[in-house]
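Just below is one structure, and these are the notes that go with it.
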Amino acid sequence: QVRLVESGGGLVQAGGSLRLSCAASGRTFSSSGMGWFRQAPGKEREFVAANSWSGGITYYADSVKGRFTISRDNAKNTVYLQMNSLKPEDTAVYYCAAGNTAGVFSTSRRVDYWGQGTQVTVSS
């Protein structure tokens, strides 16, 4: 059974940092692009960041560019999202996603597997 399990969410003040982790099990994702999406209350799920199978190519939503960094450790089957300079508008449930491509992706139709999500709340 394939599972993606996120961790690292929580409550942080504006300007603070959090590091999300997504541990995969059930199969290796070392040949798959991995990404992060988020969904705020009353809004649709939106793309945040993705990286290619090697981590050599990254892609970010304009809203997080320069503040968030996606990385991965294929030996640990884990992907990370370092979030700095957090803003209240970053508040959302963050979902890890495994793509059906070796490259980067930014749409849900490119996602094979989803994690259960982790809550990130940024207070002003």
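Within the stretch 89-108, the set of residues being open to solvent by 30 Å² or more (accessible area, probe 1.4 Å), in a helix (DSSP H, G or I) and in contact with a Phe, Trp or Tyr (Cβ under 9 Å, 6 or more places away or on another chain) comprises just one member, Ser108. Filtered by the rule that a residue be touching a Phe, Trp or Tyr at 6+ places or on another chain (Cβ under 6 Å) and either open to solvent by less than 40 Å² (accessible area, probe 1.4 Å) or acidic (Asp, Glu) (or both), the stretch 41-76 gives Phe47, Val48, Ala49, Ala50, Ala61. The residues of the stretch 31-86 that are among the aromatic types (Phe, Trp, Tyr), without any contact (Cβ under 8 Å) to a residue 60 or more places away in the chain and either touching a helix residue (DSSP H, G or I) at 6+ places or on another chain (Cβ under 6 Å) or over 18 Å from Asn100 (Cβ atoms) (or both), listed by number, are Tyr60, Phe68.
Count of the stretch 109-123 residues, restricted to those that are in contact with a Phe, Trp or Tyr (Cβ under 7 Å, 6 or more places away or on another chain) and of a type in the set (A, V, I, L, M), is 1. Selection of the stretch 76-88 for residues being assigned to a strand (DSSP E or B), within 14 Å of Leu18 (Cβ to Cβ) and hydrophobic (A, V, I, L, M, F, W, C) yields Leu81, Met83.
The values are calculated or read from the model by the stated rules, or taken from the named source; none is laboratory data. Nothing here was measured: the structure is a model prediction, and the numbers come from that model. Neighbour counts are summed over all protein chains in view; Cβ atoms, including those assigned to glycine, are modelled from backbone coordinates with ideal geometry. Side chains are part of the model used for accessible areas, which takes the heavy atoms of the whole protein and leaves out ligands, DNA and RNA. Shrake-Rupley method; radii C 1.70, N 1.55, O 1.52, S 1.80 Å.
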